[in-house]
Amino acid sequence: MKNKKILMYSGIILLILFILVMGILVIKNHKKEEKQIIEEYTPQEEITDEQLRETNITLYFYDDSIKDIATEIRQIDSKQLLEKPEKQLIEFLIEGPTDENLTKLIPDNTKLLNTEIKKDILYIDFSEEFIKGNLGMEQEKLIIDSILKTVSQLTEINGIKILINGQENQKFPDSELNFENIFNI
């Protein structure tokens, strides 16, 4: 009977030791997994203030391969869009694309004289170079579409009105496309 009690107590002690050892192993393994998870989400490099300020804009230029307007995504410092973002977007169109497969639509030497938003209409005042030359109806429509699509990123704009040297109701010289009306987005 004594042997049975000793055997029973020994079994209980071994069972308790086994449970303790297993518990310790589980806790150690869990801590390792937790440490690995934490290490996976630790960034390798810090994000600079300049990177935080970067934003993407979409500009529309002509793509000869598809014979239509195509997008150019540009990453810029968002500070450039703080004051008069509509003006900055038009200036980017005048400068032209950075992608060599695209071509600018706005005629060379065109200057942006002013932009102003009245209600939800963007008034864009270009120099007279904007309407110089015989561009043809298709090219002229592409120019207007390029401007419309580019400024449509700004939610406060629902249309554009084009002025030439501050004067309304101008038009391209070889076209029925005139600037009397508002071009709606």
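The values are calculated or read from the model by the stated rules, or taken from the named source; none is laboratory data. Being a predicted model, the structure only gives us computed values, none of them experimental. Counting neighbours? That spans all protein chains shown, and the Cβs are built from the backbone with ideal geometry, glycine included. Remember, those area values only see protein heavy atoms, side chains included, never the ligands or the DNA or RNA. Shrake-Rupley method; radii C 1.70, N 1.55, O 1.52, S 1.80 Å.
Descriptive notes on the structure:
- Listed residue (133, 97, 16) projecting farthest to the positive dipole end of the chain, Cβ model: 16
- Within the set [x] -0.24, -1.38; [y] -0.43, -1.38; [z] -0.27, -1.51, the number that log10 I(q)/I(0) by the Debye sum over Cα atoms at q = 0.08, 0.20 Å⁻¹ takes when calculated for this structure is listed as [y].
- For the peptides 123-132, 150-159, 20-29, 76-85, the ranking by packing is 123-132, 150-159, 76-85, 20-29, with the highest mean count of neighbouring Cβ atoms within 10 Å listed first.
- With all protein chains in place and a 1.4 Å probe, the accessible surface of the chain carries 52 percent carbon and sulfur.
- Accessible surface calculations at 1.4 Å, restricted to protein heavy atoms, place the chain at 70 Å² per residue.
- For segment 75-91, Karplus couplings with θ = phi - 60° (6.51, -1.76, 1.60), whole Hz, Gly/Pro x: 9, 10, 6, 4, 4, 5, 9, 5, 10, 6, x, 4, 5, 5, 4, 5, 4
- One quarter of the surface of the convex hull around the alpha-carbon atoms of segment 68-149 equals 6.1 nm², the direction-averaged projected area.
- For the pair residue 67 and residue 139 in one chain, pulling the backbone fully straight at 0.36 nm per residue adds 24.9 nm over the alpha carbon distance.
- Accessible-area rank, largest first, for 103, 98, 55: 98, 103, 55, with all protein chains present and a 1.4 angstrom probe.
- Mean-position separation - Cα centroids, segment 1-25 and segment 54-103, in angstrom: 76
- ³J(HN,Hα), Karplus 6.51/-1.76/1.60, whole Hz, each residue of segment 148-157, x for Gly, Pro: 4, 5, 5, 7, 5, 5, 8, 5, 7, 10
- The chain, helix-only ellipticity at 222 nm - DSSP H runs n ≥ 4, -39,500 (n - 2.57), divided by all residues, nearest 500: -13000 deg cm²/dmol
- Percent of Cα-Cα distances greater than 18 Å, calculated over segment 51-99: 33
- Cα-centred dipole magnitude for the chain, charges only on beta-carbon of K, R (+1) and D, E (-1), debye, nearest 20: 2200
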